[in-house]
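Nothing in this text is a laboratory measurement; each read-out follows from the coordinates by a stated rule. Everything numeric in this text was worked out from a predicted model, so none of it was measured. Heads up, the Cβs are rebuilt from the backbone with ideal geometry, glycines too, and the neighbour counts pull from every protein chain shown.
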Amino acid sequence: MKAMILAAGKGTRVRPITHTIPKPMIPILQKPVMEFLLEVLRQHGFDEIVVNVSHLAEEIESYFRDGQRFGVHIAYSFEGRIVEGELVGEALGSAGGLRKIQDFYPFFDDTFVVLCGDALIDLDLSAAIKWHREKGAIARW
């Protein structure tokens, strides 16, 4: 199954920490908060994950790489542009991140979940997906 993790924001509410660490990489119990999300996703059968990145994107990408050591496959969608040979992040917002991958990745051909990369959750994703499918829902929060 597929999931998207939103990790492109600047984390302005937790500055100055996020001047050097992207919010999804802030450690809790000696590991980045986003790593907990990957564990939950994997436990519930989600193995194809797209992460949108922008602010300090290289920190996230260099830690998680292709996701293999976490038991998942990770692809990245960079939000920004190149200015004088440098990557400059310009986050598109939650809906903008989804819209961007809709055009470039066959992601919306099946049920998927979207999670914020800076949140800890204990939601039973399997039960949520089951309920979603039983109801014939188009979207569910």
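A few comments on the model shown:
- The residues neighbouring residue 63, those whose beta-carbon lies less than 12 Å from its own, together hold a net charge of -2 under the Lys/Arg +1, Asp/Glu -1 convention.
- Measure of compaction for region 1-79 (Cα Rg per 2.2 N^0.38 Å): 1.04
- Approximating the spin labels as points 7 Å out from Cα along Cα→Cβ, the residue 13-to-residue 42 distance works out to 2.9 nm.
- For the listed peptides 65-78, 118-131, 21-34, 45-58, a ranking on the average number of other beta carbons within 10 Å per residue, highest first, reads 45-58, 21-34, 65-78, 118-131.
- Computed lengthening from residue 130 to residue 68, 0.36 nm per intervening residue step minus Cα-Cα distance: 19.7 nm
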